[in-house]
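Working notes for the structure below.
The values are calculated or read from the model by the stated rules, or taken from the named source; none is laboratory data. Predicted model only: the values in this text are computed from it and were never measured. Heads up, the Cβs are rebuilt from the backbone with ideal geometry, glycines too, and the neighbour counts pull from every protein chain shown.
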Amino acid sequence: MRIAWFANIDFQEGNAANSRIRVLAEGLKKNGNQVFLFLLSATVFNTNQINKKNKGFFHGIYFNYLSGSVLRSPYRIFRFLSYVKSIICSSYLLIKKRKHFDVIFIYSPRLLFFGHIYILAKVLKIPLILEKTELEHLIQTNKFVPILIRATDYIDAYIINYFCSHLIVIS
């Protein structure tokens, strides 16, 4: 099986989420699957530059930062533009290579960040598997982005069954 795996994590080196995805991907690969890891946001570890390659193989797993860079800008506008580029690139990738992937796997999905993949998976009839884990605590705030994320999380809980063929919950 050929798996397109989308995530917003730090890869090749990073935190617990990176380790979990790497181990799962290695296990899938050992069982005869092909895993393609596509990262929509640049790493947050750009000050010490642990992650220097924006695409390649790590422990036999193909990865690609769709923004074209592993460096995360300190400026919000550039981070936003980088993410928009990732959305465009991931959409183009799925449309162009729709026959190449047997399943789409999204790690810790949020409608706000992965909604375009939800829709494309449904339109292109590619099975979608979501892994819900480590959901953040809802912090009371008046800032726009956290309020927007919280609102889309509520919507996500209701529409997930329409788009998703399988759901994995890890807590």
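Residue count for region 114-129, restricted to those that are crowded, with 20+ Cβ neighbours inside 10 Å and either within 10 Å of the chain's Cα centre (by Cα) or among the charged types (D, E, K, R) (or both): 2.
In region 28-38 there is no residue matching the filter, namely being β-branched (Val, Ile, Thr) and in a helix (DSSP H, G or I). Against the criterion of being in a loop (DSSP other than H, G, I, E, B), at pLDDT 80 or above, buried (at least 17 other Cβ atoms within 10 Å of the Cβ) and not β-branched (Val, Ile, Thr), Ser41 qualifies. Selection of first residues in region 120-144 that are farther than 14 Å from Phe101 by Cα and of second residues that are modelled with pLDDT of 85 or more and aromatic (Phe, Trp, Tyr), restricted to Cβ pairs under 9 Å at least 6 apart or on distinct chains, gives the following pairs, ordered by first then second residue: Leu130/Phe105; Leu130/Tyr118; Glu131/Phe105. Within the option set Lys85, Lys30, Lys55, being over 23 Å from Cys164 (Cα atoms) and touching a strand residue (DSSP E or B) at 6+ places or on another chain (Cβ under 6 Å) holds for one residue only, Lys55.
From the set of residues in region 125-144 that are among the aliphatic types (A, V, I, L, M) and at pLDDT 70 or above, which is farthest from Asn18 (Cα to Cα)? Once the filter is applied, the top-ranked residue is Ile126. When you scan region 90-100, do you find a residue that is closer than 25 Å to Tyr158 by Cα, modelled with pLDDT of 85 or more and not in a helix (DSSP H, G or I), even just one? Checked against the condition, which is being closer than 25 Å to Tyr158 by Cα, modelled with pLDDT of 85 or more and not in a helix (DSSP H, G or I), region 90-100 yields no hits at all. Exactly one residue among Asn18, Asn31, Asn48, Asn64 is modelled with pLDDT under 90 and surrounded by fewer than 17 Cβ atoms within 10 Å (Cβ to Cβ), and that residue is Asn48. For beta carbons closer than 6 Å, sequence separation of 6+ or different chains, a first residue in region 43-65 that is over 19 Å from Arg20 (Cβ atoms) and a second that is at pLDDT 65 or above and among the hydroxyl-bearing types (Ser, Thr, Tyr), the qualifying pairs are Asn54/Tyr65; Asn54/Ser69. Each residue in region 67-87 was checked for being aliphatic (A, V, I, L, M), within 28 Å of Val123 (Cα to Cα) and surrounded by 12 or more Cβ atoms within 10 Å (Cβ to Cβ), and 2 pass.
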